[in-house]
Amino acid sequence: MSAAVLSPIPSHHRTTSLASSTPRTSSPRPQTKSRDRPLPPLPDKARSPDVSHRRYTPPLSPKSVRSSFAGWRSSLLPIRVWVRRALETPGILEALIRNTTWDDLHALLSTCRDFRRVLASPECRDVMLSCYVPGYRIAQSSRDSQQFREVEVDIHDLTLLMIAQNLPLHKYPMHALTILSSPLYDAVLASHDATTQKLIALTQAHSRFVLLLQSLMPHRRFASVNHSSDSSLSSPSPSSRSVAEFPPSSFRDPSREPGSSEPTSSSSSTVPAFRGSSSPHDLLMATSRFRAPILRVFYPCTVLDESSISACEDQLMDAGLWDHLSAGDIVCNFGYVPPPDPEESAQSPNGHRKKWLIYNGYCLVHYIPPSPPPVENSMTLPSPFYFSHILPPSTNPIYILSLPPLPRTPSPPRSRSSRGHSVSFADGQLQLTLAHLPARVASPKSPQGWAIAKKYMWLARLPYAGYSSGVQGGFVPGEGWRGEWVLEAEGTKEGRQSLIDALTPGPDGMCRRGMWEILKEKSGKGRLWMK
């Protein structure tokens, strides 16, 4: 047997045979060099545009940026003009206010300087202030164009007023107490505090609108003479100024029914009440010409001394409000925090007596109700109840008055048995009557401190005391002082003589000054009852 010689199989045949005989799992990656490796596919033209066709954009220069911004502004110019014209139309502005909130309207007005000048138009100004300022519509209906004195306001002042209307009043003294109680307190640094400056701006805005409402009311009395700031600040002596404190939060007039209206010429001596207004600081109270307006300042202090009052005056001058003040205007420093006084708290059940600042025609001085107000001639005030809204409860106004003189002529003697006595004057009869009337007497057992008892009182009736009698005395009495006067005195010889002396002119042609109490419960319907 011959041996078979096996010839070697070529390599390519061997590979094919093995590949065909064994199952195919995965084809091994060909081993190639890096330079022989194929390139990745080109990007899809639909997904990414050809870079070669892109246009080169050079960087923008400042000049080109300004020109493009100017073009953008010019494209919005027609819209801005349309909105401005809409805001200058009173009917459209009123409809916009009714259908939007203050925040949205303020955001719109803040986008353009022309929009913020909407109050420059008298018609648009009346529309906006009637909607946002309490009492403006009432005051506007009573405006006297001949006596109206402009108080400038803009949209910034209105914005501050809206903030002040929503800020609780206790925030002012609380911030002042925080500053004053700091161990590092410094008066100069505290005046530059950001929150202090904000509260000052809010009080100035509120005072501005108080004077605006007062300027719209008829018979608004402005200071007759203008004084420089130096003279006004140095006019009162430190001894003539007492202390003022943070005012009461509410007042209810016990002599009037709720909802009563303003007094008319026939009953101008009655006390007006306001529906929906429970605080003397309400802006609605400034719409009455028979109530003293209350202005606000904010200067943190514990004692209202000469420097503190001067700082309060400076705030009114800086705001341009000093020239708009009238004699009798009340100023309240919301930054005054008085220290506790145990003796005064024991004497008064309500704690501290309510103390204020008042403008006397020259400067700010202290006023502590129910003492007589520090006004040169109280009968020039619009009403004898001008300060009733800040008086303590169950108290009557008290004034130091020099009554209008009535020329006296001889009269025949009367019988002693007659209780009616008369003294003749040139303009008519002054009837003196002795009457048995109920009167208040001190009673320590009464919770109020007084009781009602009948006493004999002398009554002197003046049929009419008005404009003519004031002119004879060298002044013009306020509207609330005109009408029938009833003067009351003790039912003694001394009381009778005091009534005669009060109406008899002295050697200088003027009656002597005396203290008179206005009886609210007996006054009204054109009659003024004084004791």
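Remarks
- The figure for Thr111 is an accessible area of roughly 100 square angstrom, using a 1.4 Å probe on the protein chains alone.
- In Hz, Karplus ³J(HN,Hα) per residue of the range 391-396 (6.51, -1.76, 1.60; θ = phi - 60°; x = Gly, Pro): 6, x, x, 6, 10, 10
- Over the range 280-336, the alpha carbon radius of gyration divided by the compact-protein estimate 2.2 N^0.38 Å works out to 1.17.
- Computed with a 1.4 Å probe on the full set of protein chains, the accessible area for Arg482 sits at about 80 Å².
- Lys171 accessible area, 1.4 Å probe, all protein chains in place, Å² to nearest 10: 100 Å²
- Residues with amide H under 5 Å from that of Cys363, placed H, sequence gap 5 or more: none
- The 3J(HN,Hα) values that the Karplus relation (6.51, -1.76, 1.60; θ = phi - 60°) gives for the range 81-89 are, in residue order, 5, 5, 5, 4, 5, 5, 5, 7, 9 Hz. Gly and Pro appear as x.
- Cα gyration tensor shape for the range 88-163, rounded if a/c is under 1.5, else prolate or oblate: prolate
- Phi to ³J(HN,Hα) by Karplus 6.51 cos²θ - 1.76 cosθ + 1.60 over the range 510-519, Hz, x for Gly, Pro: 10, 6, 6, 7, x, 8, 10, 9, 8, 8
The values are calculated or read from the model by the stated rules, or taken from the named source; none is laboratory data. As the structure is a prediction and not an experimental result, all values here were calculated from the model. We work out accessible area using only protein heavy atoms, side chains counted, and drop any ligands, DNA or RNA first. Shrake-Rupley method; radii C 1.70, N 1.55, O 1.52, S 1.80 Å.
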